[in-house]
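The values are calculated or read from the model by the stated rules, or taken from the named source; none is laboratory data. Bear in mind the structure is a predicted one, so any value in this text is a computation, not a measurement. All Cβ positions, glycine included, derive from the backbone under ideal geometry; neighbour counts span all protein chains shown. Note: accessible area is taken over every heavy atom of the protein model, side chains too, but ligands, DNA and RNA are not part of it. Shrake-Rupley method; radii C 1.70, N 1.55, O 1.52, S 1.80 Å.
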Amino acid sequence: MSADTKPTRPDPVMTVDGAVFWKAAEEGRFIAQKCGSCGNLRHPPRAFCPDCLSLERVEHELSGRGTVISWVMPIHPPAFGFTTPPIVVLVETEEGLRFVSNLEGMAPQDMRTGLKVEVGFAETRGGKKVPVFYLAGKQ
């Protein structure tokens, strides 16, 4: 992105439970919640563990590597905040969590399930950062 081009991507929607995830993203870290009692990972962040109902939460750094298990490219209506239709992916991380995000730097005609990807961070219109994915080794 050139210095005179401002990002148009929307800012993330902040919630009380999700704030720690978005703060980590602004720092260039890709995290999930881990239960302080049973140790299970979870995303999206929430107040209590859905498995053991514990309120103990800790941050867990994720590898950032995963596999595209599904994808779509919304054409109409145009995706708000994007100058061209984004490639929206469902990525399963090495840790087994699933994230909906965008795949950057990939031509739509080359898209397929099973692609190996790694996380990166894209700037939003308000100066925040959100996790996006790139083809593994291409960032």
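Positive end of the dipole of the chain (Cβ unit charges, origin at the Cα centre): among PHE21, LEU90, GLN109, the Cα lying farthest that way belongs to GLN109. Residues whose amide H falls under 5 Å from that of ILE87, counting only those 5 or more places apart or on a different chain, are LEU103, with hydrogens built in the peptide plane. For the stretch 1-125, pairs of C-alpha atoms spaced more than 25 angstrom apart make up 32 percent of the total. Taking amide H atoms as placed 1.01 Å from N in the peptide plane, the amide H of VAL117 lies under 5 Å from those of GLY66, THR67, VAL68, ALA136, each 5 or more residues away in sequence or on another chain.
The residues of the chain present an accessible area of 59 Å² per residue when probed at 1.4 Å with all protein chains retained. Over the residues of the chain, the helix contribution to mean residue ellipticity at 222 nm works out to -1500 deg cm²/dmol, using -39500 (n - 2.57) for each DSSP H run of at least 4. So which lysines can LYS138 reach, going by Cα to Cα under 26 Å and dropping same-chain residues fewer than 8 places off? Straight-line reach from LYS138, under 26 Å: LYS6, LYS23, LYS116, LYS128, LYS129.
Highest mean packing comes first when the peptides 15-25, 47-57 are listed by Cβ atoms within 10 Å, giving 15-25, 47-57. Normalised by 2.2 N^0.38 Å, where N is the number of residues, the alpha-carbon radius of gyration of the stretch 41-97 equals 1.55. Backbone phi angles across the stretch 71-82, fed through the Karplus curve with coefficients 6.51, -1.76 and 1.60 (θ = phi - 60°), yield HN-Hα couplings of 7, 8, 10, x, 9, 9, x, x, 5, 4, x, 10 Hz in residue order; Gly and Pro are listed as x. For the chain, with all protein chains in place and a probe radius of 1.4 Å, 54% of the accessible heavy-atom surface sits on carbon or sulfur.
Seen from PHE82, the other residues with C-beta closer than 12 Å to its C-beta sum to a net charge of +1, counting Lys and Arg as +1 and Asp and Glu as -1.
Taking θ as phi - 60° and the Karplus parameters 6.51, -1.76 and 1.60, the scalar couplings of the stretch 46-58 work out to 8, 5, 9, 6, x, 8, 10, 6, 5, 8, 6, 10, 9 Hz in sequence order, x denoting glycine and proline. Considering all different alpha carbon pairs of the stretch 60-139, the Kirkwood hydrodynamic radius works out to 13.0 Å.
Whole-Hz Karplus values for the stretch 16-26 come out as 4, 6, x, 4, 5, 5, 6, 5, 4, 4, 4 Hz, taken residue by residue from phi with 6.51 cos²θ - 1.76 cosθ + 1.60 and θ = phi - 60°; glycine and proline positions read x.
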